Amino acid sequence: KALKSRYAFAEMLFNRKKYIKASEQYALMAKYSVDPKSKKHVPSKMEHDARYASIVSIEKKVGKKKWTREMEDRFVGRVKDYVAFHPNGKFRLDVEFKLGMIAYENKRYDEAAQSFAVLGEKYKSKKKGIQAQDIYLDILNLKKDYGTLKEYAAKLTKREKSKKRKVKLKQIYEQSYFLMVQRQEDDKKLEQALQGYKSFALENSKSKLAPQAWWNAMEIHFSLGQLLEGAVAAKKYSKMFSSEKNVQDALLKAAQS
């Protein structure tokens, strides 16, 4: 009766928009569901709902405002409590997803990336699991971690069944692959970039970036004084990408070399 009364009290506070007080009462109700002597957990639907409601109450209090450290610490504590007592709880994905979103919105990308990487793998067939994958891809792009982005996009593409999403993932893979090699070139790792551009163009010959990749490789040959290799690459460019506007330029470079 005491537990039910406390739950009703928490509900009343929630309905009166006293969200922090409501959260505390929900949490206390759930806490007292553990036998103080045996320390054994006494599971019940009401106790599960109370723990979840204690989390929702904090979300309601914050609303559309920016999360303060105090509110975030409260939220993290409630989520950890929920996961500890309800590892298979109905709302586990929801609360952990929100935890990741708070870190993401506060630009703590390393922390958010770790959360979304786990959620995307654990709940890969669920809608929020897919959203977690997309946010993780976005974080890797923001961090300019093109190597990890390339590998993760390739991994998702292999197991993706939706044609539309598969196309999107393939584009992300190609862009991250190209940018990864471009960074090598910017860092003056020219031999590495040279091989990277050629590998990219051969592997992704139908990509819009393939002609540019091969052209960049050709230019690196010339910049390194490898005139014969540059001429061969220029001639191959004219065959591989015969519909490109700069084919004549490529052939002219080959002839001049």
Longest principal axis of the chain (C-alpha) makes with the long axis of helix 227-240 (C-alpha) an angle, in degrees to the nearest 10, of 70 degrees
Normalised convex hull volume, segment 176-257, alpha-carbon set, Å³ per residue: 77 Å³
Enumerate the calculated ³J(HN,Hα) couplings along segment 202-215 in order (Karplus 6.51 cos²θ - 1.76 cosθ + 1.60, θ = phi - 60°), each rounded to whole Hz, writing x wherever the residue is Gly or Pro. 6, 6, 10, 4, 8, 6, 5, 8, 4, x, 5, 4, 5, 4
Kirkwood Rh in Å, taken over all unlike Cα pairs in segment 119-209: 13.8 Å
Using 23 Å as the Cα-Cα cut-off, could you pick out the over-long pairs in 64/107; 163/239; 168/188? 163/239; 168/188
For the chain: relative contact order, % (alpha-carbon pairs under 8 angstrom, 6 or more apart): 8 percent
log₁₀ of I(q)/I(0) at q = 0.11, 0.19 Å⁻¹ - segment 27-158, Debye sum with one point per alpha carbon: -0.46, -1.06
Cβ-based charge dipole, segment 11-142, positive-most Cα from 26, 103, 131: 26
Size of charge dipole - the chain - debye, nearest 20, with Cβ of Lys, Arg +1 and Asp, Glu -1, no other charges: 1620 debye
Would you mind telling me which residue in 149, 13, 140 has the biggest mean-square fluctuation in a Gaussian network model of the chain, where springs connect alpha carbons within a distance under 10 angstrom? 13
Treating the beta-carbon of each Lys and Arg as +1 and of each Asp and Glu as -1, no other charges, what is the dipole magnitude of segment 87-227 about its Cα centre, to the nearest 20 debye? 1000 debye
Listed residues 209, 13, 199: farthest to the positive end of the dipole of the chain (Cβ charges): 13
Highest GNM mean-square fluctuation, the chain, Cα pairs closer than 10 Å: which of 97, 14, 178? 14
Please give the Cα centre distance for segment 184-257 versus segment 77-113, rounded to the nearest Å. 47 Å
Given +1 on the Cβ of Lys and Arg, -1 on the Cβ of Asp and Glu, and no further charges, what dipole in debye does segment 156-257 carry about its Cα centre, rounded to the nearest 20? 940 debye
At q = 0.21, 0.27 Å⁻¹, what log₁₀ I(q)/I(0) does segment 210-257 have when each alpha carbon counts as one equal point scatterer in the Debye sum? -0.57, -0.94
Note down the relative contact order for segment 78-218 as a percent, whole number, built from C-alpha pairs under 8 angstrom at least six residues apart. 12 percent
Along each of its three principal axes, how wide is the spread of alpha-carbon positions in the chain, in whole angstrom units, largest first? 93, 34, 33
Per DSSP H run of n ≥ 4, the term is -39500 (n - 2.57); total these for the chain, divide by its residue number, and report the mean residue ellipticity at 222 nm rounded to 500 deg cm²/dmol. -25000 deg cm²/dmol
Where Lys and Arg each count +1 and Asp and Glu each count -1, what net charge lies around residue 145 among other residues with Cβ under 11 Å from its Cβ? +2
Carbon plus sulfur fraction of accessible area for segment 144-195, probe 1.4 Å, in percent: 50 percent
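The values are calculated or read from the model by the stated rules, or taken from the named source; none is laboratory data. All values derive from a computational prediction rather than experimental measurement. Reconstructed Cβ throughout: ideal geometry from the backbone, glycine too, with neighbour counts over all protein chains shown. Accessible surface is based on the protein model in full, side chains and every heavy atom, while ligands, DNA and RNA are left aside. Shrake-Rupley method; radii C 1.70, N 1.55, O 1.52, S 1.80 Å.
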